[in-house]
Structures are given as C-alpha cells and as structure tokens.
Amino acid sequence: MSKRDYYEVLGVAKSADEKEIKKAYRKLAIKHHPDKNPNDNQAEQKFKEAAEAYEVLSDTQKKARYDQFGHAGMGGAASGGHGGFGGGMSMDDIFENFGDVFGGFGFGGGNGRSRGGRRVNRGSNIRIKVSLSLEEISEGVEKKVKVIKDNACASCEGSGAEGSSGHSTCTTCNGSGQVTRVTNTFLGQMQTASVCPTCNGQGSVITDKCKKCNGKGVERGEAVIPIDIPAGVEDGMQLQVSGQGNIGSRGGVAGDLLVVIEEKKHDYFQREGQNLHYDLFVNFADVALGTQIVVHTLKGKVKIKLEEGTQSGKLLRLRGQGLPSVNSYGKGDIIVNVNVWTPQKLSSDEKKIIETLKESDNFKPSPGKKDKGFFERVKEYFN
C-alpha cells in the first residue's frame, strides 16, 4: 500500500509554516491518541501516520528533501526488508521526539517519555557516505555498510545494572518516571507532570553498576548493515534507515542511520537530472560519408547511424536510455553530442588532398534551414 502525502495526512497546504504544521499535528495527535482510544488499532495507526508526517515536515532539511523527492527522498521507496528507509516509528519514538507537542497535560509520554511515563533515552544518529556508480543508480542496489556504533551491552542487556538485583524501583516516583504536582490557580487546581529528578525519568535507580559498561548500558562495536538503495537517487541526497544508529543508554531506543549518496564520476557520461550527456568524437570522413558508429550506454554498447553530412554539434537522443526518477515513472535519455575531430598534424600528401578539396563548392559553408546553430540546438533540446 502506497503512503499518503504528508501534507494530506496533516491536512495542510505545501505553503504551511511551522506553526500551522505543529497546530495541525497536535490536533490529530490529541484526536487519535492511544490514551483516548484504547485498543483501537485504526486510531493508533493514524496517530503514527500523523507523527511520521510531522517528523518530516517539522524539520527544515527533511521537508526540503521531501518537497523535492517525495517519499523516496525519505527512503519511502525501500519498503520492508532489512534496512528499509523511513516509517516504522514506534510509540516510544513518537513520545520521545514529539512529547513537547502535547504540552505535558492530560496524556502520558510527554517530553521524551514512553507511554508509561518513563523516559526513554534515544541514541544519536550516524551519518555515512555511500558512493555509487551510474550503473548502480540506474538499477538500484543493495549495499552492506560497516559502521562502528553503540550497541546494547551484552553483559547487562542494556540495563546498566549488574544482574537482576543491580537496580531498584525509584522511591521518589515509585517507578513511574515522573512526579506530579498540583497547583491551585484562580481557575481551580491544575495538575502538571515532570521528569523525576532522582531517576531522571527511568523509574529505577542502579544500585550495582554493570562492570563491563560501568552502568551506561551500551558498548562500542562493529555492525554490518544491509541497506536497499532505490533506483534514481542523486548526488547529495540523504536517505534514512530507521533504528540503525547508536542505541540509547539504559535500554533506550536507537537513533537512525543517515545515508548520504555520493555519485562517482563516470568515464563517458555527465549527468543532468535523469538525462545523461555523452560526447561522441568522430572523424571528418565518417560524417561526410555517413556511417554506423558504436556508442556507450549504461547497459553496454549500441550502434547508431550517422547520416551523410552530419554536422559537428548535432545532438542525437537515445530515448529511455537515461536514469529513472526516484519519484516518478519513466527514464531520461542519453544525449549524444557529435564532435567532428580536426586533425592537428597533417602529412604533406594529406595537405595536398585537403587543399584540393578546399576549392570545391561542396566544402564551402552553406547552411540551410535544417542546419541549426548553437542557440537553436539548445532551444530544441530543452523543448
């Protein structure tokens, strides 16, 4: 099932500013909040969908990528499988990242806490670069990347405590991770919740630290992560692999792996969007007499016909031989630019032949209506 447009999910226009986006999300989050809709899977899915849309549209860089590339720019094209991009937000992720939207009133999970009120530590993101050839970009590719990151401590399984008896329930908040204060106002009593200062929202305190991780619950290690990169990505584009960053301390959630695309220089092609430009150098005899000549494509070599009298600078288009788009159907073209090679050193015999031909009327420039100048060719190309 294809994802809905994020602007459509929040019910805002593309021109909506930060305040409008936040207001729209808050309205939907309150409407579909799990605490208001217990055991309602449909409401929970809408709650998650709204949070995913807000995560992107509330971030300037992510919003810019989404506006340019759509869901594919957020990794939406890589659904399922290992290392899929975007989506897949857990309830802990939502409350951890967007708790401030709820303002701390009425619902659990505000200000970085999980649904039970306990704070969930979120690990940091990891940013890496992945270099791709045009051939890989054309088809899409699976890459296995090796990263050094924080993983859950194998000894304490991320708890930070030495054994099951190494921690105890926080006596300040009685394990809830938050303390409640009641304030009397002229409107009546107002109840607010804040993070427990004793356990920092964890709900428990460590009495015996894990000897391997010294109570942090994390340890550095190497990980090999397979990621699916969709066809048509562009240089500088950033994709997001959810939950493959550094793990949060003491049983926290992992950050994301941010994959920045780096396009390798190609031997034959220069990229312009979905189109590829190819410089074809031919000798004078070939264009004067006409011939078949071999040119490169991303899938191998093909023969094209040069008509008799082809002029230097002529643009030939190989339709559908370019690159796909990450956000639409179809492929671009290969634009072949014909360059007639002028010899730089001539023998005396060759010079005599050229001098003889020079006097022929056929060798005097006489462009007709079909022979377009540079600016006409450029105009024709863009049209």
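The stretch 1-58 gives an Rg/Rh value of 0.98, both radii derived from C-alpha positions and Rh following Kirkwood.
Kindly state, to the nearest 0.05, the FRET efficiency for Glu308 paired with Ser360, given R0 = 25 Å and r defined as their beta-carbon distance. Efficiency, rounded to the nearest 0.05: 0.95. I'd like the FRET efficiency for Asp17 and Tyr329, computed as 1/(1 + (r/R0)^6) with the beta carbon distance as r and R0 of 30 Å, rounded to 0.05. With R0 = 30 Å, the Cβ-Cβ based efficiency is 0.40.
Which links in Lys14/Lys299; Lys129/Lys299; Lys62/Lys146; Lys303/Lys351; Lys265/Lys314; Lys149/Lys331 stretch past 28 Å when you go from one Cα to the other?
Numbers: Lys14/Lys299 39 Å; Lys129/Lys299 25 Å; Lys62/Lys146 25 Å; Lys303/Lys351 32 Å; Lys265/Lys314 25 Å; Lys149/Lys331 38 Å.
Those over the limit are Lys14/Lys299; Lys303/Lys351; Lys149/Lys331.
Once the Cβ-Cβ distance of Asn39 and Thr180 is raised to the sixth power relative to R0 = 25 Å, the FRET efficiency obtained is 0.50. Determine the distance separating the Cα centre of the stretch 221-276 from the Cα centre of the stretch 1-25; give it in Å without decimals. Cα centroid to Cα centroid, the span is 25 Å.
Extending 7 Å from the Cα toward the beta-carbon at both Lys212 and Val260 defines two label points whose distance is 3.4 nm.
Neighbour counts of C-beta atoms inside 10 Å place Glu272, Glu219, Glu20, Glu8 in the sequence Glu8, Glu272, Glu20, Glu219, starting with the fewest.
Taken together, the values in this text are just the output of simple stated rules run on the coordinates, not laboratory data. None of the values given here were measured: they were computed from a predicted structure. A quick note on method: Cβ atoms are made from the backbone with ideal geometry, for glycine too, and the neighbour counts reach across all protein chains shown.
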